[in-house]
């Protein structure tokens, strides 16, 4: 296995009450070509995250005031797409494992090795760049909302699947709620007291996928300064959710097949066989049957996973659920943004139902949040919906005057100027409505924090 994960430029927030640790980590990250900023406690960390985008956080577990576990909870709630790496002394390894189960991306032991910390940071950044992060609030906000016949069938399948221990394969388009269904199966089942561990199968290269899934022994590769448990070990007694299973490489398919068949695995660099007391739930948006026909996915693995299949329908196939979902999101985001009386009138609901929602429930959720925050009135109308639909996402770029079918000469330049002005106005309005909280502003505009930051720089709004 290669010891060097893919290198991505990134910014890292270091949280540690020891200034020496902050200085050392800052120097190591700078040598690796990564930008970093050090703060001394959790409150400063939250304020800094609200002010500018970061792609990863390194936090100590033991800190005065807000400790690392409390900070982890706040970050995973407010910035769910930022990986958090915990650093800890040898005596708190069980707490570090608990942090992993609570959502931390990884942990590193003190005193840390240079190669190990850089390996871990790059690994976290690789996952953050390639995974499609899902807001953990979505589970609470969308569970069992909607009474369409397709969703009643899904809920019944979830209820039946939850009572057993068979492997479940959840399928559906992006944004339909596959992770939500997986969590529901776990929480309704006999393993609800155990951990629910999610593993994104597309986030890392093959070697890193193997070490993350199965763990590794000390010395297994450069940077492996101590033994680390993998996701299978962390999920012992609970559920392991393997998302985007259709993107596994052929070699990882072989290793996963053995895990599912024999409930056994070895840590990378180890020889002892470990038992896996885990329930497996897998998910994909890809056409596995077509991949099997093309020889890109093992047929035996497909049948091993497809013991209990559950299909999550696209939102366009259950349009009657748009109304209850929209009202639900409006209520939730109204309360969260100081507008408890926020509501949708009949014309707004009709306009929402007329949309195809290719991004499914997740797209509808983000759109309703934007409506609630940007609207000047408690009651949202069809006019408000149409305004936001026309506004669209920023950052698409202006039409080139030389492109086929585009305006030419002064007409093209005028269009470019108007688009830039509209974009700047949208940025300023989002910042105003979000109280200058850039993370919230990015969510309102439907863009990443990095895109927002770049646009603010481009328009001189920093």
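The values are calculated or read from the model by the stated rules, or taken from the named source; none is laboratory data. None of these values were measured; they are calculated from a predicted model. Every residue, glycine among them, receives a Cβ derived from its backbone with ideal geometry; neighbour counts consider all protein chains shown.
Annotations for the structure displayed:
Yes or no, residue by residue, for (1) at pLDDT 80 or above; (2) in the same structural domain as residue 303 (by TED's automatic domain parsing); (3) under 15 Å from the mean Cα position of the chain (by Cα); (4) crowded, with 20+ Cβ neighbours inside 10 Å:
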{"site": "122", "(1), (2), (3), (4)": "yes, no, no, yes"}
{"site": "126", "(1), (2), (3), (4)": "no, no, yes, yes"}
{"site": "136", "(1), (2), (3), (4)": "no, no, yes, no"}
{"site": "147", "(1), (2), (3), (4)": "yes, yes, no, no"}
{"site": "150", "(1), (2), (3), (4)": "yes, yes, no, no"}
{"site": "154", "(1), (2), (3), (4)": "yes, yes, no, yes"}
{"site": "158", "(1), (2), (3), (4)": "yes, yes, no, yes"}
{"site": "163", "(1), (2), (3), (4)": "yes, yes, no, no"}
{"site": "168", "(1), (2), (3), (4)": "yes, yes, no, yes"}
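Residues are listed down the side, and each one gets a yes or a no for (1) closer than 28 Å to residue 94 by Cα; (2) surrounded by 20 or more Cβ atoms within 10 Å (Cβ to Cβ); (3) at pLDDT below 90:
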residue	(1), (2), (3)
171	no, yes, no
190	yes, no, no
217	yes, no, yes
220	yes, no, yes
243	yes, yes, no
250	no, no, no
256	yes, yes, no
275	yes, no, no
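- For residue 299: the one exception among (1) touching a strand residue (DSSP E or B) at 6+ places or on another chain (Cβ under 6 Å); (2) modelled with pLDDT of 95 or more: (1)
- Looking across the stretch 418-459 at every residue that is over 17 Å from residue 51 (Cβ atoms) and loosely packed, with under 12 Cβ neighbours inside 10 Å, the one that is modelled with the lowest pLDDT is identified as 418.
- Residues within the stretch 270-291 that are over 25 Å from residue 181 (Cα atoms) and not in a loop (DSSP other than H, G, I, E, B), tallied: 2
- Among the residues of the stretch 371-385, those identified as part of a helix (DSSP H, G or I), buried (at least 19 other Cβ atoms within 10 Å of the Cβ) and modelled with pLDDT of 90 or more are 371, 372, 384, 385.
- Selection within the stretch 68-114: residues that are over 17 Å from residue 216 (Cβ atoms) and part of a strand (DSSP E or B). The member of this set that is modelled with the highest pLDDT is 84.
- Among the residues of the stretch 258-269, just one is more than 22 Å from residue 281 (Cβ to Cβ) and not in a loop (DSSP other than H, G, I, E, B), namely 268.
- Failed criterion for residue 310 (all others in (1) part of a strand (DSSP E or B); (2) more than 24 Å from the chain's Cα centre (by Cα) hold): (2)
- Any hit, the stretch 45-55, residues being farther than 20 Å from residue 441 by Cα, surrounded by 16 or more Cβ atoms within 10 Å (Cβ to Cβ) and modelled with pLDDT of 90 or more: no
- Residue in the stretch 322-337 that is more than 25 Å from residue 151 (Cα to Cα), over 23 Å from the mean Cα position of the chain (by Cα), modelled with pLDDT of 70 or more and surrounded by fewer than 17 Cβ atoms within 10 Å (Cβ to Cβ) present: yes
- Just one of the listed residues (362, 267) is crowded, with 19+ Cβ neighbours inside 10 Å and within 30 Å of residue 226 (Cα to Cα), namely 267.
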